[in-house]
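Participant: One structure follows; several queries about it will come next.
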Amino acid sequence: FFFFFQDFSKAMSQAGSSQFQEVIRQELEYSMKVELDKILATAHSNEIEHTKKDLEGFKKLFHRFLQEKGPSVDWGKIQRPPEDSIQPYEKIKARGLPDNIASVLNKLVVVKLNGGLGTSMGCKGPKSLIGVRNENTFLDLTVQQIEHLNKSYNTDVPLVLMNSFNTDDDTKKILQKYSHSRVKIYTFNQSRYPRINKETLLPIAKDVSYSGENTECWYPPGHGDIYASFYNSGLLDNLIAEGKEYIFVSNIDNLGATVDLYILNHLMNPPNGKRCEFVMEVTNKTRADVKGGTLTQYENKLRLVEIAQVPKAHVDEFKSVSKFKIFNTNNLWIALSAIKRLQEKNAIDMEIIVNPKTLDGGLNVIQLETAVGAAIKSFENSLGINVPRSRFLPVKTTSDLLLVMSNLYSLNAGSLTMSEKREFPTVPLVKLGSSFTKVQDYLRRFESIPDMLELDHLTVSGDVTFGKNVSLKGTVIIIANHGDRIDIPAGALLENKIVSGNLRILDH
């Protein structure tokens with residue numbers, strides 16, 4: 001039977017009788033089970049085990065999706081977190097470091113979320129393989145950072161990559177180049193879930209294959225999947241057996257997310273003797289971060305609230321920089337033993353994110369996802385640490401790429417730090433127009449990356465190219481209208497300038 005998604009929601013809200021709702025729910029669950037069984041029946045013998053695990057996980061998520069209604073927070077229950085539940089980084093750092101920092105480091109595993117593709121920046125393949133600085137990719141920089149740690153302290157901190165079915169093959173091919181580096185590298189795969197038709201609420205996949213025209217039928221269900229897939233891979237148990245106690249999880253495209261020894265020491269040697277099972281690094285919001293998830297106190301627990309969970313009437317309040325001052329950087333420190341305990345009790349509770357997509361052929365689908373930070377409320381003795389903004393340096397667009405490639409940052413052992421020559425610690429606001437969206441177009445438009453040490457704000461729109469050794473200072477706005485082209489000549493200094501119209505420098 002075909003039940004339209006909107007009609008389904010309407011019927012659910014209008015139906016006086018909970019019995020009627022329950023019947024519809026059961027029918028939807030039954031239809032879903034039939035379809036998933038058909039898909040599983042197409043699996044080869046070597047795929048059956050993990051496909052079964054994936055589909056079981058999806059079935060649980062779908063069951064919860066049918067049970068829950070509307071935004072999952074009651075706005076009236078949201079409170080500011082208690083003073084001591086979000087510690088300033090300065091206070092953590094002031095405790096200093098113990099003499100035996102190596103023994104603390106040997107309990108750590110670095111996990112990078114590596115499931116994303118570079119499509120938003122016009123690149124094929126895993127985003128982690130895009131070059132960001134002196135030919136180094138995100139993955140290169142990550143390996144260099146950990147290798148530097150291991151060499152400096154004579155430790156054995158491994159790197160674990162959570163890949164998705166989209167990034168796994170390409171990533172594994174490239175890992176061979178690190179075989180002589182002083183970092184053990186492990187990978188495991190996120191689950192693979194079926195996208196569902198928005199109107200029928202049934203999977204669009206007809207079999208297990210995910211190549212060719214079937215690639216659009218499947219998706220990786222968000223980084224909240226880390227708990228189940230890490231556990232299911234067997235890697236979690238292996239690392240616990242090796243004596244590892246904490247993971248430091250972050251997005252591979254956040255170049256500020258390096259191992260912080262002060263935070264690690266705070267976890268391993270807590271001042272009150274009671275260890276935290278979960279630490280979330282948060283940082284102060286700027287106007288650019290109003291959509292980021294924030295930490296609140298909710299039913300006596302720290303809880304991450306995302307913008308999608310906020311009732312419409314309160315969205316502006318949620319975005320306010322004065323009421324909700326911090327946001328989640330997605331740099332997380334989590335106890336391995338706690339993940340194992342909660343996973344075995346099936347007690348990790350994360351809100352469902354319903355992500356609507358329109359496929360190339362115009363079909364509307366939804367994918368059900370979860371976010372890794374949302375699990376904070378399931379762990380004991382959780383803590384937020386308000387870290388400097390420098391620990392949040394994500395590269396989502398070519399505008400971000402321009403910043404990290406520039407002389408604003410210096411690169412040392414895989415870590416980027418703000419240049420000492422910049423007089424103020426804030427990052428300039430850079431907005432590059434659509435001609436710069438794809439990495440190859442962006443690279444073609446800069447003969448060399450401009451000097452940006454004294455830049456506050458840059459907006460570029462239209463067909464603009466930059467010659468070598470350009471300097472940008474203060475506020476610079478360059479706009480080439482449709483049909484115009486602007487070539488910024490080599491060696492130009494633009495300070496507090498607006499450039500528009502047509503500007504071609506011809507070589508004679």
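Participant: Have a look at Val259, Val282 and point out the one that is within 23 Å of Phe138 (Cβ to Cβ), among the β-branched types (Val, Ile, Thr) and part of a loop (DSSP other than H, G, I, E, B).
Facilitator: Result: Val259 is the single residue among Val259, Val282 that is within 23 Å of Phe138 (Cβ to Cβ), among the β-branched types (Val, Ile, Thr) and part of a loop (DSSP other than H, G, I, E, B).
Participant: Those residues that are loosely packed, with under 12 Cβ neighbours inside 10 Å and over 20 Å from Lys198 (Cβ atoms), I need them from region 24-52; list them, please.
Facilitator: Of everything in region 24-52, those that are loosely packed, with under 12 Cβ neighbours inside 10 Å and over 20 Å from Lys198 (Cβ atoms) turn out to be Gln26, Asp37, Ala41, His44, Ser45, Asn46, Glu49.
Participant: Turning to a different aspect of this structure: List every residue pair whose Cβ atoms lie under 6 Å apart, where the two residues are 6 or more positions apart in sequence or sit on different chains, the first residue falls within region 202-219 and is farther than 22 Å from Tyr30 by Cβ, and the second residue, located anywhere, is surrounded by fewer than 18 Cβ atoms within 10 Å (Cβ to Cβ).
Facilitator: What qualifies is Glu216/Leu359; Trp218/Tyr210.
Participant: Restricted to region 215-250, and to residues that are open to solvent by 30 Å² or more (accessible area, probe 1.4 Å) and polar (S, T, N, Q), which residue is farthest from Asn346 (Cα to Cα)?
Facilitator: Across region 215-250, the extreme among qualifying residues is Thr215.
Participant: A follow-up question, please. Return yes when Leu453 is within 21 Å of Gln145 (Cβ to Cβ) and at pLDDT 95 or above and no when it is not.
Facilitator: no
Participant: Restricting the search to region 436-447, which residues are outside any strand (DSSP E or B) and open to solvent by less than 30 Å² (accessible area, probe 1.4 Å)?
Facilitator: Passing the criteria: Phe436, Val439, Tyr442, Arg445.
Participant: Go through (1) without any contact (Cβ under 8 Å) to a residue 60 or more places away in the chain; (2) buried (at least 18 other Cβ atoms within 10 Å of the Cβ); (3) not in a loop (DSSP other than H, G, I, E, B) and name the single condition Gly292 misses.
Facilitator: Result: Gly292 passes all but (3).
Participant: Within region 342-357, which residues are crowded, with 19+ Cβ neighbours inside 10 Å and among the aliphatic types (A, V, I, L, M)?
Facilitator: Answer for region 342-357, where residues must be crowded, with 19+ Cβ neighbours inside 10 Å and among the aliphatic types (A, V, I, L, M): Leu342, Ile348, Met350, Ile352.
Participant: May I pose another question? What is the number of the single condition among (1) in a strand (DSSP E or B); (2) of a type in the set (Ser, Thr, Tyr); (3) touching a Pro at 6+ places or on another chain (Cβ under 7 Å) that Ser191 does not meet?
Facilitator: Answer for Ser191: the failing condition is (1).
Participant: Something else: Taking region 340-392 on its own, how many of its residues are over 16 Å from Val249 (Cβ atoms) and in a strand (DSSP E or B)?
Facilitator: 13
Participant: Please determine whether any residue of region 100-108 is assigned by the TED database to the domain that holds Lys325, under 23 Å from the mean Cα position of the chain (by Cα) and crowded, with 19+ Cβ neighbours inside 10 Å.
Facilitator: Looking through region 100-108, at least one residue is assigned by the TED database to the domain that holds Lys325, under 23 Å from the mean Cα position of the chain (by Cα) and crowded, with 19+ Cβ neighbours inside 10 Å.
Participant: Looking at (1) in contact (Cβ under 8 Å) with a residue 40 or more places away in the chain; (2) under 26 Å from Gln144 (Cα atoms); (3) assigned to a helix (DSSP H, G or I), which is the one condition that is false for Ala228?
Facilitator: All conditions pass for Ala228, except number (2).
The values are calculated or read from the model by the stated rules, or taken from the named source; none is laboratory data. What you see is a predicted model, and the numbers here were worked out from it, not measured in a lab. Cβ atoms come from the backbone with ideal geometry, glycine included; neighbour counts cover every protein chain shown. With ligands, DNA and RNA removed, areas are computed over all heavy atoms of the protein, side chains included. Shrake-Rupley method; radii C 1.70, N 1.55, O 1.52, S 1.80 Å.
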